[in-house]
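Engineer: One structure follows; several queries about it will come next.
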Amino acid sequence: MSASCCSLAFAIPGDIETPTGGYGYDRRLIAELRKLGWEVAHVPLPGSYPFPDEAARAATRERLAQVPAGVPLLVDGLAFAVMAEEAAVLAGRRPLVALVHHPLAHETGLDPAIAAKLRASEGEALGFARAVIVTSPATAQALASEFRVAPEKITVAVPGTDPVPPARGSGGPGVRMLSVGSLLPRKGHLDLVTALASLTALDWSLDIVGGGGLDPPYARMLVRAVEEAGLTERISLRGALKRDALDALYDGADLFVLASHYEGYGMAYMEAVAHGLPVVGTTGGAIAETVGSAAELVAPGDVPALRDVLARLLAEPAARERLAVRAREAASALPCWPDTARRVAGAIAGLAAGARG
């Protein structure tokens, strides 16, 4: 790899093919930057982040030391947030850039002591970054206010979407719902199951798409909750799906619902909007600014409010259609992936030019 304005090393922990929104952003960013003529080297880091042991840290230092001096180094926040010591060294040899999907301390269900430690570590690490890429204005505001990152260092590069035809729906007679998100406390699946448990008089089914490998105890808890609520005939836990299978579920859905407690952006919400689906979500993090008027939103964790919104939309086809119209209108104005890549490229190219000058 040469140290040119179009060279970049992108360090990502774990398996880049992991089917989550964050990894999906990383994969697409690499592809789009390469289309722009950038030479992007993917530097895989150990998968134990954000809680690496010393062996993982040693492997990280060894791999990143091999990146040529002067080549900008972009590090995914899942690792960068706990790399303060490494960042101090790396920043002396090259432009160092952090990609923050959302602050790790905002993850739902963390022990307060662990959250405080993550907040302190991420704040220190961000101090060594020459630039910070974030995926939403809400995350930019959080970094500026909570972590004291200078606003001029922050570039907002929201995820793009691909044009898709409007969902055709299930055809009835019941309402087929779809929820997409890894099985984690932050995604609020237990809230959704609790809300639906009291709506069995209505005709509905739900597909939950998301892998359980990031938090197996929570995934098992969700399975038990579905069983104990007597909803195994109505709620299908599909696991992680490939793109074609997921798109087929979007196309056959009548309503999208995800009760996330917090999102740094909310790519699944925007995929639902792109498909013209009526959307139910929460106001956690960047969700409200992501979906705007194309969704019905309740406060995170407010199960009674979630139940009431779902009861109305399940029972009233006209209400679902009004929301779907707003989603289809919003879909035409969604950002595209080339624009996302151009914003990132602009921020990093300037650093590379400065390093040469």
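Engineer: Mind listing just one residue for me: the one in the stretch 173-189 that is under 18 Å from Val279 (Cα atoms) and either free of Cβ contacts under 8 Å to residues at least 40 places away in the same chain or of a type in the set (A, V, I, L, M) (or both) and, of those, surrounded by the fewest Cβ atoms within 10 Å (Cβ to Cβ)?
Structural biologist: Gly174
Engineer: A further question follows. Which members of the stretch 325-348 meet the condition of being of a type outside the set (D, E, K, R) and within 16 Å of Ile30 (Cβ to Cβ)?
Structural biologist: Step one: of the stretch 325-348, the residues of a type outside the set (D, E, K, R) are 325, 327, 330-338, 340-341, 344-348.
Once the filter is applied, which keeps residues that are of a type outside the set (D, E, K, R) and within 16 Å of Ile30 (Cβ to Cβ), the stretch 325-348 yields Trp337, Pro338, Thr340, Ala341, Val344, Ala345, Ala347, Ile348.
Engineer: Could I ask something else about it? Which residue pairs have Cβ atoms under 8 Å apart, sit 6 or more places apart or on different chains, and have a first residue in the stretch 314-332 that is free of Cβ contacts under 8 Å to residues at least 60 places away in the same chain and a second that is hydroxyl-bearing (Ser, Thr, Tyr) and surrounded by fewer than 17 Cβ atoms within 10 Å (Cβ to Cβ)?
Structural biologist: Arg326/Ser293; Ala330/Ser293
Engineer: Would you point out which residue out of Gly252, Gly212, Gly285 is surrounded by 23 or more Cβ atoms within 10 Å (Cβ to Cβ), of a type outside the set (A, V, I, L, M, F, W, C) and either touching a residue at least 24 places away in the same chain (Cβ under 8 Å) or within 15 Å of Leu323 (Cβ to Cβ) (or both)? Give the steps one after another, and end with the answer.
Structural biologist: Numbers: Gly252 fails: surrounded by 23 or more Cβ atoms within 10 Å (Cβ to Cβ); Gly212 fails: surrounded by 23 or more Cβ atoms within 10 Å (Cβ to Cβ).
Exactly one of Gly252, Gly212, Gly285 is surrounded by 23 or more Cβ atoms within 10 Å (Cβ to Cβ), of a type outside the set (A, V, I, L, M, F, W, C) and either touching a residue at least 24 places away in the same chain (Cβ under 8 Å) or within 15 Å of Leu323 (Cβ to Cβ) (or both), namely Gly285.
Rundown of residues vs (1) in contact with a Cys (Cβ under 8 Å, 6 or more places away or on another chain); (2) farther than 20 Å from Arg130 by Cα; (3) acidic (Asp, Glu); (4) in contact (Cβ under 8 Å) with a residue 24 or more places away in the chain, yes/no style:
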{"site": "Pro50", "(1), (2), (3), (4)": "no, yes, no, yes"}
{"site": "Asp53", "(1), (2), (3), (4)": "no, yes, yes, no"}
{"site": "Arg61", "(1), (2), (3), (4)": "no, no, no, yes"}
{"site": "Gly70", "(1), (2), (3), (4)": "no, no, no, yes"}
{"site": "Leu74", "(1), (2), (3), (4)": "no, no, no, yes"}
{"site": "Met83", "(1), (2), (3), (4)": "no, no, no, yes"}
{"site": "Ala87", "(1), (2), (3), (4)": "no, no, no, yes"}
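Engineer: Give the stretch 1-26 a look and list any residue that's out of contact with any strand residue (DSSP E or B) (no Cβ under 9 Å at 6 or more places or on another chain) and free of Cβ contacts under 8 Å to residues at least 24 places away in the same chain, or say none.
Structural biologist: Glu17
Engineer: A further question on this structure: For the condition part of a helix (DSSP H, G or I) and touching a Gly at 6+ places or on another chain (Cβ under 8 Å), what is the one hit in Arg57, Arg28?
Structural biologist: On the way: Arg57 fails: touching a Gly at 6+ places or on another chain (Cβ under 8 Å).
After ruling out the rest, the residue left standing is Arg28.
Engineer: Another question, if that's okay. Please determine, by comparing only the residues of the stretch 133-164 that are in contact (Cβ under 8 Å) with a residue 24 or more places away in the chain, charged (D, E, K, R) and not in a loop (DSSP other than H, G, I, E, B), which one is surrounded by the most Cβ atoms within 10 Å (Cβ to Cβ). Write out each step before concluding.
Structural biologist: Step one: list which residues in the stretch 133-164 are in contact (Cβ under 8 Å) with a residue 24 or more places away in the chain, which gives 133-139, 142-143, 146-148, 153, 155-164.
Okay, now just the ones that are also charged (D, E, K, R), so 146, 148, 153, 162.
Those still in the list that are not in a loop (DSSP other than H, G, I, E, B) too: 146, 153.
Details: Glu146: 14, Lys153: 17.
So the residue we want is Lys153.
Engineer: Looking at Arg168, is it assigned to a loop (DSSP other than H, G, I, E, B), in contact (Cβ under 8 Å) with a residue 60 or more places away in the chain and either outside the structural domain of Ala324 (by TED's automatic domain parsing) or not aromatic (Phe, Trp, Tyr) (or both)? Walk me through how you get there before you give the answer.
Structural biologist: Working: assigned to a loop (DSSP other than H, G, I, E, B): yes; in contact (Cβ under 8 Å) with a residue 60 or more places away in the chain: yes; either outside the structural domain of Ala324 (by TED's automatic domain parsing) or not aromatic (Phe, Trp, Tyr) (or both): yes.
Taking the combined requirement at face value, the residue satisfies it.
The values are calculated or read from the model by the stated rules, or taken from the named source; none is laboratory data. Predicted model only: the values in this text are computed from it and were never measured. Glycine gets a Cβ as well: all are built from the backbone with ideal geometry, and neighbour counts include every protein chain shown.
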